[in-house]
1. Give the order of 455, 317 when sorted by the count of other beta carbons within 10 angstrom, beginning with the fewest.
2. Can you give the Rg/Rh ratio of the stretch 198-488, where Rg is from the C-alpha atoms and Rh is the Kirkwood radius?
3. Arranged by the count of other C-beta atoms within 10 angstrom, fewest first, what order do 255, 349, 272 take?
4. Could you give the semi-axes, largest first, of the ellipsoid that matches the stretch 409-489, computed as the square roots of 5 times the alpha carbon gyration tensor eigenvalues and rounded to whole Å?
5. Could you compute the FRET efficiency for residue 218 and residue 419, with r as their C-beta to C-beta distance and R0 at 56 Å, rounded to 0.05?
6. Suppose a student asked you for the relative contact order of the stretch 198-488, using Cα pairs under 8 Å spaced at least 6 residues apart; what percent would you report?
7. What residues of the stretch 239-265 lie in the reach of a label at residue 459, counting those whose backbone N is under 15 Å from a point 7 Å from the Cα along Cα→Cβ?
8. Fewest Cβ neighbours within 10 Å first, please rank 313, 223 accordingly.
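Read the figures in this text as sums done on the coordinates, not as results from a lab. As the structure is a prediction and not an experimental result, all values here were calculated from the model. Because the Cβ atoms are built from the backbone with ideal geometry, glycine has one as well, and the counts that use them run over all protein chains shown.
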């Protein structure tokens, strides 16, 4: 009986082993590689950057492995399409939005090349203009939309844009100013002064290594101080300190006091064309007076009306200081007053006068600017009268829109005669209109003017001001109106 039981158990064990070996041969070994077949969906598993997902259960069976597609972080990209990068965040509030030359939709400055930017304006909008979840097929094909700049291209941001560029125009505003008052961008420090040669100090039309002037064309005005405004009154002596290229026709009308014994009232008119040429970034040539003068006495005067060609005033000007913060500019110059005009209107007195002067402009607060010119007219003979003059200008720039600005202004003009002229024994002088050569040593004259300059654009602008005497001898000026038009390059 016992032998029969043992034989039966042995036969069963052999049968079971043979069956297990057959099952193993049919199933094949389990491999953590590419399976031969994938028919079942694997349980949830954490995504991996690429490859296959496997069941996290301890016992892995061959039929639980699935061939899954590659895990994608978005829509598939074409082979030639670079990956898009997220724009760098910019501060909230008044931020910069750029418009590219290719008429693309507004986007962050960090996603455009410097040579693609046409303009940049301030506004109240978010810094991310492109949706974060854009499809790859909708992304613009730009070489700068990559994870890092391509070779030779530097990405720009609002804080890294140069102040002056031929491709970038910045218009800024004050957050708390309802009219969007313009503030002056900061200038970059000069780095190109490496020698003491005269040419280095005078400067070149474009200076290597100087970002502020690299975009300046030949003969072009210095537009680093466009928020400054040229003075209106005392037009032949009150000089703007900036380096400018412009044409400026000027008209003045002034009344003669009735107390003048010779003219008994009347009017004086001048029509003048001024011109300035920026020879370099700092040196310029000014033509301060080139025109016509007319004197029309009052009805009770024994004199007839006369008119004639005016003196010619011209000379060099050197802008020796550009404030790195864009708030100050200074210049010095010399005017040659050549009496080549008509004797009928006192434009032929003596031989020559030299007028050295100093001019300064300062931004004192927000869009408020102060300018001053101090000079001395010195005759080369004893025929012409010598005098000091000092002119002050204060303005505030109101920005109406991107181009149009209204700039109300107040100006003071002071003259002090320091010698007697020997050309004519008359009891009056002509101030800036004429050097009569009269014995008026010690005489003073102080006037105040109020007016405004209107900037249609920075290239086209006009101004008007009325001037009244405050102190001193009135000579030939009881009231004056000055109007001008400026075309500036």
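1. Working: 455 23, 317 27.
In order of increasing Cβ crowding within 10 Å: 455, 317.
2. On the way: Rg = 19.2 Å, Rh = 19.6 Å.
Value, to two decimals: 0.98.
3. Working: 255 16, 349 26, 272 21.
Fewest to most other Cβ atoms nearby, the residues stand as 255, 272, 349.
4. On the way: eigenvalues 192, 40, 18 Å².
Ellipsoid half-lengths, sorted descending, are 31, 14, 9 Å.
5. Working: r = 43 Å, r/R0 = 0.76.
Approximately 0.85, to the nearest 0.05.
6. On the way: 866 pairs, mean separation 46.1, N = 291.
Contact order relative to length: 16 percent.
7. 245-247
8. Details: 313 21, 223 17.
Listing 313, 223 from fewest to most nearby Cβ atoms yields 223, 313.
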